[in-house]
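My structure is below; once you've seen it, I'll send some questions.
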Amino acid sequence: MRSKGLFHVDTEVLVPFFDVDMLNVVWHGHYVKYLEVARCALLDQLDHNYMQMREAGYAWPVIDLQLRYVRGAVFGQRLNVRASLVEWENRLKINYLITDAHTGERLTRAMTVQVAVEIASHEMQLVSPQVFIDAVQRVLQ
């Protein structure tokens, strides 16, 4: 069973016209953008967003991305994108659930994994930086 995580943030996204194809369905690649919106909201709630990560000396590239499409979203549809923090001590793993904001119907499931890379040396870290672990622990307490 997919872990729901210890902390989550819900973000609403309104599907814009420029994200849909000629059949009025969201092109599959745009879902990654919706995940990023939710991930940024989650990091903001942790009070350790991408700007703070960079100031701490680390970049956090996505190294793994998985998407499972159940039903296509359409133009004008309101989506709820839930980002759930699953792992943070050695890597940043987030599970996502995209649902219709009105009906709750599941549309897409996803998962991303990011790792810390020290900006100065370009070395991947095998353990998350303590500053990030501290930020997560403050929210979980």
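The numbers here are math on the coordinates, done by the rules we state, and not lab data. Source: prediction; values computed, not measured. No Cβ is skipped: glycine too gets one built from the backbone with ideal geometry, and neighbour counts run over all protein chains shown.
Please list, in chain and number order, the residues 5+ apart from L107 or on another chain whose amide H is under 5 Å from its amide H, with Hs placed from the backbone.
Those lying under 5 Å, H to H, from L107 are I98, T99, D100.
About its Cα centre, how strong a charge dipole does segment 1-59 have in debye, to the nearest 20, once Lys and Arg get +1 and Asp and Glu get -1 at the Cβ?
Using Cβ point charges on Lys, Arg, Asp and Glu, segment 1-59 gives about 240 debye.
Follow-up question, since we're still on this one. How would M111, M53, M22, M124 line up from fewest to most surrounding beta-carbon atoms within 10 angstrom?
Neighbour counts put them in this order, fewest first: M22, M124, M111, M53.
Just want the answer: with Cβ charges of +1 for Lys and Arg and -1 for Asp and Glu, which residue in T103, V15, W88 is farthest toward the dipole's positive end in the chain?
T103
Taking θ as phi - 60°, what are the ³J(HN,Hα) couplings along segment 103-109 by the Karplus curve (6.51, -1.76, 1.60), each to the nearest whole Hz, with x for Gly and Pro?
Rounded to whole hertz, the list is 9, x, 4, 6, 10, 8, 10.
Got a sec? Charge dipole of the chain, +1 on Cβ for Lys and Arg, -1 for Asp and Glu; which of L140, I63, W27 is way out at the positive end?
W27
Size of the dipole of the chain about the Cα centre, Lys and Arg at +1 and Asp and Glu at -1 on the beta carbon, nothing else charged, in debye to 20?
Charge dipole, the chain, about its Cα centre: 480 debye, nearest 20.
So how tilted is helix 31-45 from the main axis of the chain? Cα-based, degrees 0 to 90, rounded to 10.
Here the helix axis deviates by roughly 50 degrees.
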